[in-house]
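Notes follow once the structure below has been shown.
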Amino acid sequence: MATATPLDIAMSREAGALSPRQDNPFIFRVYICTDPHWGGTCTKIERLKGYCINNGRSGAELSSFGPDQGFQCDLFRTIDCSGKFLHLEWPGTDDLKGWTDDVGSFRCN
């Protein structure tokens with residue numbers, strides 16, 4: 001699989017600000033928040049399906065993760081989507097518990 005450029009959550013789009021590409025079957029969308037229970041700073045992200053998204057800040061500030069309906073994601077502690085992973089489907093989870101602030105990368109389809 002190809003690897004995307006590092007993801008900097010702080011530079012992602014504002015929550016809910018979807019582009020005209022929102023109906024593109026090759027794009028996945030996830031809603032992430034810096035705190036559990038959808039708290040803190042939240043952001044909606046769009047990226048190409050099947051690509052590994054590296055969290056450029058070593059998993060910092062990622063506590064809630066929700067793929068849109070019809071999408072599923074694997075979250076990895078390491079960069080480059082390798083090793084053990086946590087599998088999430090819609091609606092995701094409002095508390096990553098043992099994975100809070102420890103997601104190095106993720107891939108969604």
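Since every read-out is calculated from the coordinates, none of them should be taken as a lab result. Just so it is clear, the model here is predicted, and its values are computed rather than measured. All Cβ positions, even for glycine, are placed from backbone atoms using ideal geometry, and neighbour counts span all protein chains on display.
Observations, loosely collected:
- Within the range 57-100: backbone nitrogen closer than 19 Å to the Leu48 label point (7 Å, Cα to C-beta): 72-74, 80-82
- Under the shape rule built on the C-alpha gyration tensor, where the axes satisfy a ≥ b ≥ c, the range 48-109 is oblate, since a/c reaches at least 1.5 while a/b does not exceed b/c.
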